[in-house]
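This report concerns only the one structure given below.
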Amino acid sequence: MRFDIFSLFPEVFTPYINTSILQRARANGIIAINIYNIRDWTTDKHHTTDDTPFGGGGGMVMKPEPIFAAVEGIADGKPDCPVILMTPQGRPLTHVIAEQFSRQERLMILCGRYEGVDERVREHLVSDEISIGDYVLSGGELPALVLVEAVTRLLPGALGDPDGAFDDSFANGLLEYPQYTRPPEFRGWNVPEELVSGNHPAIARWRRQQSLLRTLQKRPDLLEMAELNQADIQYLVKIAEEHAFCLPEAIRKRLDIP
Ligand code: SAM
């Protein structure tokens, strides 16, 4: 899969894409990441990429000409892949969206700065807008890296352990179960018996139930869409009663709780 990233601060990307999973995925030919400096497509002697906003007000706005020239230059015309603008006004990034992007062969990603990009970029060049959360950062570089890594982790062979992403939170609609490692006892705190029992069905059952419990406690909204079997529902009904959880109406209906 190929990522083309357009930014005014391309140096931000170098250390991160040369580290860990992104580095390994690049070395193994699973992904290619090309970083382009939008400034290289300016035509004036000062290499101007921003200007003051029409109508007044503070801050600067990224000019449309170098952005169009950069994207269309690299795409060799009108891009035939998604062109994603990183913006706090976009669709909040989720596992499902990352999975959809992971089926593409190529993604173009635009990083804004200052007050953002001229609206004509959004209207006539961009095909999708993605946010990494309801807060504002100074640039789209960190959001672009977040998107690239979230997508790359879902590509076959990108993680060392092939099951790595399978059990992660959100992959099956639930939060992941708690994880422990050696030592089995630390400061008097013991690892749950099931995990050191060597009994694989008991471990699988414990993990599933912990996933359900965690999701119910921390993100009950996820239960509305998660795939649940009869045993899951019985367990949720039982723990909701035991802990006197007040479940949202939609979930009570789904779990058949009066
Ligand atoms: N004035 C813009 C607004 O209020 O919507 C915010 C501009 S922000 C200071 C500069 C750039 O950072 C944006 O163009 C975008 O590329 C990036 N950015 C900031 N926060 C982001 C977020 N939560 N998700 C994705 N990109 C973000």
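The values are calculated or read from the model by the stated rules, or taken from the named source; none is laboratory data. A quick note: this is a predicted structure, and the numbers were derived from the prediction, not measured. So basically every Cβ, Gly included, is an ideal-geometry build from the backbone, and we count neighbours across all protein chains shown. Areas reflect the complete protein model, heavy atoms only, side chains present, ligands, DNA and RNA absent. Shrake-Rupley method; radii C 1.70, N 1.55, O 1.52, S 1.80 Å.
The table below lists the values:
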quantity: Dipole of the chain, positive end: most advanced residue of Asn172, Pro10, Gln100 [Cβ charges, Cα centre]; calculated: Asn172
quantity: Folded to 0 to 90 degrees: helix 200-218 orientation relative to the chain principal axis, Cα; calculated: 60
quantity: Inter-part distance where the range 203-221 and the range 1-33 are each reduced to a Cα centre, Å; calculated: 34
quantity: Cα-based equivalent ellipsoid, the range 185-254: semi-axes from gyration tensor eigenvalues, Å; calculated: 26, 14, 10
quantity: Accessible area (Å², per residue) of the range 1-126, counting only protein heavy atoms and a probe of 1.4 Å; calculated: 54
quantity: DSSP beta bridges in the chain [antiparallel fraction, %, rounded to 5]; calculated: 20
quantity: Net charge dipole size for the range 40-103 [Lys, Arg +1 and Asp, Glu -1 on Cβ; Debye, nearest 20]; calculated: 220
quantity: Relative contact order (percent, whole number), the chain, Cα cutoff 8 Å, 6+ residue spacing; calculated: 17
quantity: Electrostatic dipole magnitude of the range 185-254 [Cβ: Lys, Arg +1; Asp, Glu -1; Cα centre; debye, to 20]; calculated: 100
quantity: Where a label projected 7 Å from the Cα of Val96 along Cα→Cβ would reach, residues of the range 235-258 with amide N under 19 Å; calculated: 248-255
quantity: Longest to shortest principal axis, alpha-carbon extents of the chain, angstrom; calculated: 69, 43, 38
quantity: Accessible-area ranking of Ser211, Ser197, largest first, probe 1.4 Å; calculated: Ser197, Ser211
quantity: Accessible area of the chain belonging to carbon and sulfur atoms, whole % at 1.4 Å probe; calculated: 51
